[in-house]
Each structure stands twice: as structure tokens, then as C-alpha cells.
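Structure first, commentary second.
The values are calculated or read from the model by the stated rules, or taken from the named source; none is laboratory data. Just so it is clear, the structure is predicted and the values come from calculations on it, not from any experiment. Glycine gets a Cβ as well: all are built from the backbone with ideal geometry, and neighbour counts include every protein chain shown. To get the accessible areas, we keep the full protein, side chains included, count just its heavy atoms, and leave off ligands, DNA and RNA. Shrake-Rupley method; radii C 1.70, N 1.55, O 1.52, S 1.80 Å.
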Amino acid sequence: MPVRAGSALDPDATRARVLDVAARLFYERSLAAVGMREVATESNASQLTIYRYFGSKEGLAAAVVRERSDRTHAWLAEGLAEVPAGRARVLALFDMLNRWFTEGDYRGCPVLNYAADSRGGTTDLAATRRHLERYRQLLEQLLTETGVPTPQTLARQLLLLIEGATVVSQVDGPGPAGVDARAAAETLLDAAPTRASGTPAPQEK
């Protein structure tokens, strides 16, 4: 039975259900193609309730993106924790992403899709920048574990490979983009200087 306008049987459960439904619809068909009425119908919630939680369609979309970003980075952290620290963990990141690229329902990164769908407004870009910054921080951590003394530049380069493969795989479908990105990452790792064992990392300025 639909929730009566202005009420919610379980506010947390309703909010989570709306986020899940909106995330699926936005990912499948784009932000512009999905209206709030459809989100309300699919999530068994009233539009009034959705506006109370999120303020607007843009607010709902931003919440979806934050949740998708959190889910992506939690998935990466869990998968990488099973891989020994070092070079193998950096390459395992590319392996995980490549498996994602080849899934049958892959339609690109939902966070980057959001920035494109919403035409890059200030709020939209802030959510996307945060997602990319989390990638850079993860890459810097992984590179530090491999012994790269100043990992910032290499982290940015690896992020370009990741996001390039993400977009190309979205456009071309399952193919060599993820494999090529991993091979390029190996080349960059081979060329990167590393600290001698026991040498402390330089202090950040």
C-alpha cells in the first residue's frame, strides 16, 4: 500500500528505498529522463515525502551520487584489503574496475554521469570532485605502500587512466580499455622511483 502523503511508516527505510530506486532509474535512463512522480511511484512513497527528505530533484540526485560514491569506495577498500600491500594492490585496483566495466549492466560511472546529466552546476561538480579526490587519496596511499617517495603526480596519472577507461568502456562497451589502462599503469609503475627499504617518506609541504 502506498504511504499516505505527509507520513512515513519508517522514515529511514523509506529514505533508503527512495535512494535505491532513484539510483537505478537515473543510472538506467539519465537524470533528465526521470521525473519525481516516477521515483515516488517506483519507491512506494509520496512526492511530498521525497521533497521533505531531499528538498528537490537536484537534492535527491546529489544524495544518490554521495551514496554511490560511498558504495564504490567501500567496495574498493574491501576488495583491496585482500591483496598484499605493494605493487600488486595498485594493479588489483585496475583488475577490480575492469571486471566492473565488463558487467552486462555497466553504463559508466554514476558519479561522472551525474556531472554530465546536470551540466556541471557548482553543487554537482563538488560531489564529483569529492569522488575523484577520494580516488587520488586511495592511489596515493597505495603508491606510498609500494615505496614511491612522492606519489601525488603518479596518482594523478593513474586516475587519468582509470577515468579514461571508465568513459571509453561506457561508450564502446566491453573491450580492451580496462586491460590497456592496466598495462599503461604497469608501465608507469616500472618507471617510478622508489625508496630504499627503511628510508622514511619525505614530509609533505
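Per-structure values
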| item | result |
| --- | --- |
| Helical segments meeting 15 Å axial Cα length and Kyte-Doolittle -1.0 threshold in the chain (DSSP H) | 11-29, 57-80, 87-101, 122-146, 152-172, 177-191 |
| DSSP loop GluC sites (Glu not before Pro) with at most 10 other Cβ within 10 Å excluded, longest remaining stretch of the chain | 104-203 |
| For segment 1-160, projected area of the alpha-carbon convex hull averaged over all directions, nm² | 10.6 |
| Segment 52-121: trypsin sites (Lys or Arg not before Pro) in DSSP loop, at most 11 other beta carbons within 10 Å | ARG119 |
| Magnitude of the charge dipole, the chain, Cβ model with Lys/Arg +1 and Asp/Glu -1, debye to 20 | 520 |
| Rounded FRET efficiency, nearest 0.05, which uses the C-beta distance separating THR194 from ALA88 and R0 of 25 Å | 0.95 |
| Accessible carbon and sulfur surface of the chain relative to its total accessible area, %, 1.4 Å | 54 |
| Distribution of pairwise C-alpha distances over segment 65-191, 5 Å bins, in % | 2, 11, 20, 24, 22, 14, 6, 2, 0 |
| Solvent-accessible area per residue for segment 65-191 (1.4 angstrom probe, square angstrom) | 50 |
